[in-house]
Each structure stands twice: as structure tokens, then as C-alpha cells.
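Heads up: the structure comes next, in C-alpha cells.
The values are calculated or read from the model by the stated rules, or taken from the named source; none is laboratory data. Quantities reported herein were computed from a predicted structural model and do not represent experimental measurements. Using ideal geometry, Cβ is built from the backbone for each residue, glycine included, and neighbour counts are taken over all protein chains shown.
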């Protein structure tokens, strides 16, 4: 079992806030190595930071060897850090090794050491817990840390009372929002209907409002405060520059890799009139609720007829950690099958 108390002594995690360390615990992995078992080889890619929690290991390099026991000060530092391992490592006794994703730790450190200095004080709500939750989402691993620091520094803090509307269905997209404390409810009124559907409940660290910013279409749903709610919001231009650009990978149809799977985000009626071979119909308005249908191990190419709806769909998928590409400019009728 991984203990939060370990992180208070480990370098550089001990410099992080308690909230940041608590988030890292959720992603950490504890591995058990037997005597004589290899941990890694010299020149291996170092995708994780590895710490000796219990036992004894030996580091081997051309310039010499080093034995490290878990009781030694050296055990507080990662084993053979850097982009590639500078040593080979062997367990001399049964050993417990804590492993952390190197890129994610670097992201947390960059925010902790640079971003917090730049952020307006009024945005830091709940001791910054919302920031830790946000950084823990899969999408932010793909965003340069400098962009994230600029994003948080550019955010404006707002408060809403219970029942207040934060964004309204049909309005133009102007801001990207992150909940800093409290809970929100997402509602949608289908066209021509008086019935209102509750789509989701959002909590601290959740983001919303990105779909309209990416697609350029009006807001597809309304968001209300449930109780007292705090949000941090980012302007459309800052969102597009700092978040959208790094997350959207554009590709032309001729360059789509053979192992890619097509997702058509147009309406089903449009899909039935013609679609790419073996494409899956997943309309944009259903995308959030149908993600469970998709295998996160696959590569997806998202398309529509113009590239606007598909840009929103590709962003939503990328934001949730899927490997996704956007067909630039959409797909013309000449490429579609089953046209009537």
C-alpha cells in the first residue's frame, strides 16, 4: 500500500503542496523486486521516477558501482534520473520501489514552482486543490507546462449563488470554465421541446464550456450553480492559444495511418446518407455520454463535413486522454460511401 507520508521526504515531491502530493499518490505504483532481479538497464528510457522505499539495490555504471539502502539519504532521491537511465540497477535484497510518471511529476513541479508565483491571489481557492485536480486529468499531460502556468495566471475568479446560471444554452462561446469549489448541474433543452434534460453534475476541478469555443457553435447546454459555486474562467483567445492548439492534432485524409479508426460526429441522418468506410457514428451531442464505447488503446480520426463539429469532438476526446487526430477541413462528399 502506498503511503502519503513517504512523499514528505522524497525529493523533489516534498516541495509540493499536500494537495499535489495527494494527487500523485493516486497515480503512483509500488513494485516488488526479488533478490538479483533487474530494475532497469543503462540507457533505458526513464519514463518513471523510481524510489527505493524498502530493501537494497546496486547501481552499476562504467565509472563504478553504488549500493543504496532504503535507510540512506540517497534513497530520498530518484534512482538514475534523467531522460535515460545512466546506470543499470539490480535488487540485492527483496525491495519495494515506488514509481511515478516522470512527465506528470514534472508538470506538477512546474506549476508549483513557476505558475503559483504568477497567479492572481483571488483565483487560488481551497488552497489550490482545484488546480491539483485539473492537472491530474489526462489532457494536461499533453499541454506544455509553460502554457498551463500562463493559463492559470490569466484566469478570472467568479462566485455564483445557488440556482444562478453560469452559461446559457444558445449563447455564443466566450469563456472556458473550471470549478474551484462547489457543484454545478448541466442541463439541455432539446430543440422544439419544453422538456429539460439533466446531462451531468460537475464538481471541483471539472471544466466546461470548451465545446462552443472549439466548434464556434452556440452553447449546447446550460450550466447552473448547485449551492455556492466558485469558478475560474479563461477567455476564448487564451483558451485557443494555450489549450486548444496543443491538444488538437490535425491531419489530411490521405495521411491517416492504417491503424486509425474513424469517428463521424455528424447527425445520424447525415451519416446514413454517406460516410467513410468502417466509420462509427457518434454524434457530437452524444459524445460525452457514449465515451465508454471507445477503446482507449486505439487511435481515432474524427471528422464531419466542415471540420467545426469534428474539432469540438476531437478536443473532447483528447481532453479525456484518447489518442485522437482531426481531419482538417472536414471530409467532402466525394469520399463518402452509401450515398443515395
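The table below gives the values:
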| read-out | value |
| --- | --- |
| Which numbered condition residue 205 misses (of (1) under 16 Å from residue 152 (Cβ atoms); (2) at pLDDT 90 or above) | (2) |
| Output for segment 1-37, where each listed residue is modelled with pLDDT of 90 or more, farther than 21 Å from residue 106 by Cβ and surrounded by fewer than 16 Cβ atoms within 10 Å (Cβ to Cβ) | 3, 5, 32, 34, 35, 36, 37 |
| Output for segment 289-304, where each listed residue is touching a helix residue (DSSP H, G or I) at 6+ places or on another chain (Cβ under 8 Å) and surrounded by fewer than 16 Cβ atoms within 10 Å (Cβ to Cβ) | 291 |
| Some residue of segment 212-221 being at pLDDT 90 or above, more than 30 Å from residue 23 (Cβ to Cβ) and in a helix (DSSP H, G or I) | no |
| Unique match (being crowded, with 16+ Cβ neighbours inside 10 Å and closer than 28 Å to residue 141 by Cβ) among 210, 286 | 210 |
| From 68, 53, 57, residue being in contact with a helix residue (DSSP H, G or I) (Cβ under 7 Å, 6 or more places away or on another chain) and farther than 26 Å from residue 136 by Cβ | 68 |
| Candidates 120, 102 - the one that is surrounded by fewer than 20 Cβ atoms within 10 Å (Cβ to Cβ) and modelled with pLDDT of 70 or more | 102 |
| Pairs with Cβ under 7 Å, 6+ apart, first in segment 248-261 and farther than 16 Å from residue 306 by Cα, second modelled with pLDDT under 90 | none |
| Elements of type strands (runs of 3 or more DSSP E) in segment 131-190, at least 2 residues being modelled with pLDDT under 90 and either assigned by TED's automatic domain parsing to the domain that holds residue 26 or touching a strand residue (DSSP E or B) at 6+ places or on another chain (Cβ under 9 Å) (or both) | none |
